[in-house]
Amino acid sequence: MQVDTLEVGAFAANCYVIRNGGKHALVVDPGAEAGRIIAFLRERDVDVVAYILTHGHMDHVSALADVHRAFPAPVALHPKDAAWAFTPANQMPPHYDVPEAPPRLERVLEDKQEWKDIGLTYHTLFTPGHAPGHIAFHFPTERVLMAGDLLFQGSVGRIDLPGGNRSDMQASLQRIVQLPDDTVVYPGHGPATTIGQERRTNPFLAAGAWD
C-alpha cells in the first residue's frame with residue numbers, strides 16, 4: 001500500500017492518493033488545487049477507482065468536481081454531510097466558495113461497511129464530532145487509518161464549527177484509540193502519526209481532558 005500526500009488549499013488539508021502496486025488509485029479528500037491533483041495523477045498514469053471523503057467541509061471537497069471531470073469515478077460520502085457539503089452553508093470567503101457538487105454520490109457511507117478496491121479491503125468507521133457525517137477509513141491488514149479531521153498528531157478536530165458535537169467527538173476518539181498501537185494515522189491536516197503515539201502523548205486523549 002502506497003500513500004502519497006498532497007497538502008492543498010488555504011487550510012493546508014491533506015489529499016491522499018492510495019495505490020497498491022498498480023495504476024489504479026483511491027483519492028481521499030480532494031479539497032483544493034484541482035489542477036495540481038490532476039497533474040499528479042496524470043504524471044503517474046493513474047486511474048481513479050473511487051473518491052472516498054472523510055467529511056464534507058469545504059477544505060476537503062472543493063476540488064472534487066474538477067478532479068472528477070478529469071477522472072470520473074464513484075464518489076463516497078456519508079449522507080449527513082452530503083446534505084450540506086455542496087450548499088451555501090459550506091463556504092468560507094475569501095478562501096473557499098461554495099463547493100461544486102459532483103454529478104452524483106454513488107456510494108452512501110454508513111458505519112461498519114466493508115469495501116474492496118484496488119486489491120485492498122477497508123472498513124468505514126462512523127466518527128462524528130468534527131462533522132455530523134464524519135467517516136474514518138480503516139485498512140486493517142495494512143494497519144492504516146485515514147482519520148480525516150478526527151485525530152491529528154498531538155491534537156484533535158475542532159468541535160466549534162456547525163455540526164460539531166463535543167460528546168460525539170469524545171465517543172469517536174474513544175472508539176479509534178482501541179485500534180492497534182502500530183496503526184498508522186493519516187490525518188486531514190499535518191503529519192502522519194500512530195495510534196500508540198497519540199494514546200501516550202496526545203493531551204486530548206488523557207483522562208479528564210474533556211472535563
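Given R0 = 35 Å, the distance between the Cβ atoms of Arg199 and Val98 translates into a calculated FRET efficiency of 0.35.
For region 56-136, the gyration tensor built on C-alpha atoms gives an oblate shape. Its axis ratio a/c (a ≥ b ≥ c) is at least 1.5, and a/b is not larger than b/c. Across all directions, the average flat footprint of the convex hull enclosing the Cα atoms of the chain is 10.5 nm².
Taking a sphere under 13 Å around the Cβ of Pro191 and counting the other residues whose Cβ falls inside, with K and R at +1 and D and E at -1, yields a net charge of -2. Under 17 Å from a label point set 7 Å out along the Cα-to-Cβ vector of Arg36, the amide N atoms of region 94-132 belong to 95-97. Placing unit charges on the Cβ atoms only, positive for Lys and Arg and negative for Asp and Glu, gives region 2-205 a dipole magnitude near 260 debye about its Cα centre. The alpha-carbon of Lys23 sits under 17 angstrom from the alpha-carbons of these aspartates and glutamates, leaving out residues fewer than 8 places away in its chain: Asp4, Glu43, Asp45, Asp47, Asp117. Please list, ordered by chain and number, the residues whose modelled amide H lies under 5 Å from the amide H of Phe152; skip anything fewer than 5 residues away on the same chain. So Phe152 has HN proximity to Gly157. Within the shell defined by Cβ-Cβ distances under 13 Å, the residues around Asp45 carry a net charge of +2, with Lys and Arg each +1 and Asp and Glu each -1.
Overall form of region 141-211: prolate. Here a/c, set by the Cα gyration tensor axes a ≥ b ≥ c, is 1.5 or more, and a/b is the larger of a/b and b/c.
Judged by the mean number of other Cβ atoms found within 10 Å, the most tightly packed of the peptides 153-164, 88-99 leads the ranking 153-164, 88-99. Estimated from helical segments only, the mean residue ellipticity of the chain at 222 nm is -5000 deg cm²/dmol, where each DSSP H run of four or more residues counts as -39500 (n - 2.57).
Quick note: the coordinates plus some simple rules give every number you see, no bench work behind them. It should be emphasised that the depicted structure is a prediction, and the values quoted were computed from it without experimental measurement. When we count neighbours, we look across all protein chains shown, and the Cβ atoms used for this are built from the backbone with ideal geometry, even at glycine.
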